[in-house]
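What follows is a short report on a single structure.
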Amino acid sequence: MREGFENCATPEAAIEALISRHSRATGALRDALERYLKDRQPPSTAERAAFCYPELRLAYQPDGVPRSTGRAYAKVQRPGVYSTSITQPQAFRTYLLEQLRPLMYEYGAQVAVGTSRQEIPYPYVVERGDELGQSGVTPAELARFFPVPRLSEVGDEIADGTFDLDEAGPWPLALFDGARVDYSLKRLVHYTGSHWRHTQPFILLTNYHRYVDQFVRWGMKQLDGASRFNRLVLPGNVEVTEPKSGADLENLLDIAAWSKFQMPAYHLAGHGGGITLVNIGVGPSNAKNITDHLAVLRPHVFLMVGHCGGLRQSQEIGDYVLAHAYLRQDRILDALVPPEIPIPALAEVQVALQEAAAIVTGERGEALKRRLRTGTVVTNDDRNWELRWSQERHRINLSRAIAVDMESGTIAANGYRLRVPYGTLLCVSDKPLHGEIKLPGAASAFYERAIGQHLQIGLKAVDLLRDKLDQLHTRKLRSFDEPAFR
């Protein structure tokens, strides 16, 4: 191990060392920043050397043949040294323990903690930023004396497999290092309107605000003390711990400043992993953007529950579509995950969604098949693709697609790329090829009838997946030179 690193006998000791070093580094940076804002005294070279992320190093040198495991995470592919810088180790404690325990106890890997050479940018230790604006100091002036975010240090080369692999090591221990994680944590606050710490490990993504209304109302009922949930957080960091209904609930929804944020998030926290619902709006750009940032939290799953256009005559408004393949015409990830790369359906997610549909609807066998159709979903980047019907018809026909939307293929492709399990269950809201478009009256009746049940299917699927996490984190998402951490 490099000089200055302390060996850790247990995973718990390693995390405590990370917490201590991160706290000292951020504290030193914050103190120096406050001093500069007050007295204009810049940090010395020695002081600035303390503004660095802690580094976690793992050495695996087996005697004989390297260990093999069927687990999809917390595994090393070959002997060597692996490392990564770490941020917010206290918040990531559970995740870090899940990764380190098998690596140390099953593989016999040695772990050490030290200080990296990667500086912590000063905006990442400032909670609101008001103090900077009121100081009269410009960002350009602060950049002379304090580390700033650099795009060259927040790339996805590890996740995308484009990093330079030095045979001498160390090799990447995780998909995202400290700077990349901190960058996304700040972006999550900006886009979702709530602190990133509220985000739960099971994530539902939707493209319509009416799902939010249903989620909040259902979430309120869960706060009665009889369920595993104990807290609902709304945009603006509004926390609710007791059920509200009627006028009180409506007032609370009015207070929640969701309209100020591009992709407002709603978090239902509880024992065994809570649920976050994000209204990502319409389009593949938002879908990629939010999943880029949510991925650093290493959630258990992305589930898309939203609307789609049905492409088959036999479908009816309110029917469900379980995507088992995607015709990706979103174009936003083509350079990172080319369209010819297959995005596999994940059996564990597919089974959970289908079983959840059976439980919630009370239908099975042929009755369920009439309501729930499995097939290919076209994800398009053009909301008015219908105006090119003469060009689109042949491609849709070849794909045997059964539905079209603007987000599902993007979410699946980015989940595949960033190793977050994914799945899609859509609800048919119109049939553009068959003259059944959304008219105001019909749309309202459909929404009232279908959205509540659709959301319940997504929530029930989460319940089913909670008990199968080892299976959910599948080897289908691992690359040849995968980091040890999931």
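Answer yes or no as to whether ARG388 is over 28 Å from GLY452 (Cβ atoms) and assigned by TED's automatic domain parsing to the domain that holds GLN329. Judged against the criteria, ARG388 is a match.
Going by the conditions given, is SER444 surrounded by fewer than 23 Cβ atoms within 10 Å (Cβ to Cβ), among the polar types (S, T, N, Q) and modelled with pLDDT under 90?
Spelling it out, SER444 is indeed surrounded by fewer than 23 Cβ atoms within 10 Å (Cβ to Cβ), among the polar types (S, T, N, Q) and modelled with pLDDT under 90.
If only residues of the range 65-84 that are within 24 Å of the chain's Cα centre (by Cα) and among the polar types (S, T, N, Q) are counted, the one that is surrounded by the most Cβ atoms within 10 Å (Cβ to Cβ) is THR84.
Is there any pair with a first residue in the range 32-46 that is farther than 14 Å from LEU132 by Cα and a second that is in a loop (DSSP other than H, G, I, E, B) whose Cβ atoms are under 8 Å apart and which are 6 or more apart or on different chains, and what are they? Here the result reads PRO43/PHE51; PRO43/PHE146, each pair linking the range 32-46 to a residue that is in a loop (DSSP other than H, G, I, E, B).
Annotation note: of ILE359, ILE317, ILE396, the sole residue that is under 16 Å from LEU426 (Cα atoms), over 22 Å from the mean Cα position of the chain (by Cα) and not acidic (Asp, Glu) is ILE317. Would you call LEU223 surrounded by fewer than 17 Cβ atoms within 10 Å (Cβ to Cβ) and not charged (D, E, K, R)? No; evaluated as a whole, the condition is false for this residue. Here ARG210, ARG197 are screened, and the one residue that is surrounded by fewer than 22 Cβ atoms within 10 Å (Cβ to Cβ) and closer than 20 Å to PRO299 by Cα is ARG197. Scan the range 38-64 for residues that are surrounded by fewer than 16 Cβ atoms within 10 Å (Cβ to Cβ), outside any loop (DSSP other than H, G, I, E, B) and either at pLDDT below 95 or of a type outside the set (Val, Ile, Thr) (or both) and the total you get is 4. Counting residues in the range 248-264 that are touching a His at 6+ places or on another chain (Cβ under 7 Å), buried (at least 17 other Cβ atoms within 10 Å of the Cβ) and at pLDDT 95 or above gives zero.
Only one of these conditions is not met by LEU96: (1) out of contact with any Gly (no Cβ under 9 Å at 6 or more places or on another chain); (2) farther than 11 Å from LEU173 by Cα; (3) assigned to a loop (DSSP other than H, G, I, E, B). Which number is it? Condition not satisfied by LEU96: (3). Among the residues of the range 1-31, those that are part of a loop (DSSP other than H, G, I, E, B), on the phi < 0 side of the Ramachandran plot, of a type outside the set (A, V, I, L, M, F, W, C) and in contact (Cβ under 8 Å) with a residue 12 or more places away in the chain comprise ARG2, THR10.
Meeting the requirement of 2 or more residues that are modelled with pLDDT under 95, over 26 Å from GLY415 (Cβ atoms) and of a type in the set (Asp, Glu), the helices (runs of 4 or more DSSP H) wholly within the range 112-163 are 130-133. Taking the range 298-341 as the range and being at positive phi and modelled with pLDDT under 95 as the test, only GLY318 passes.
Checked against the criterion of being assigned to a loop (DSSP other than H, G, I, E, B), within 16 Å of MET406 (Cβ to Cβ) and not assigned by TED's automatic domain parsing to the domain that holds ARG93, the candidates LEU333, LEU327 yield just one match: LEU333.
Note on the range 85-114: among residues that are at negative phi and among the small types (Gly, Ala, Ser), the one that is surrounded by the fewest Cβ atoms within 10 Å (Cβ to Cβ) is ALA91. Residues that are without any contact (Cβ under 8 Å) to a residue 12 or more places away in the chain, of a type in the set (S, T, N, Q) and within 25 Å of VAL81 (Cβ to Cβ) occur at least once in the range 152-160.
The values are calculated or read from the model by the stated rules, or taken from the named source; none is laboratory data. Keep in mind the model is a prediction, meaning the values are calculated, not measured. Glycine gets a Cβ as well: all are built from the backbone with ideal geometry, and neighbour counts include every protein chain shown.
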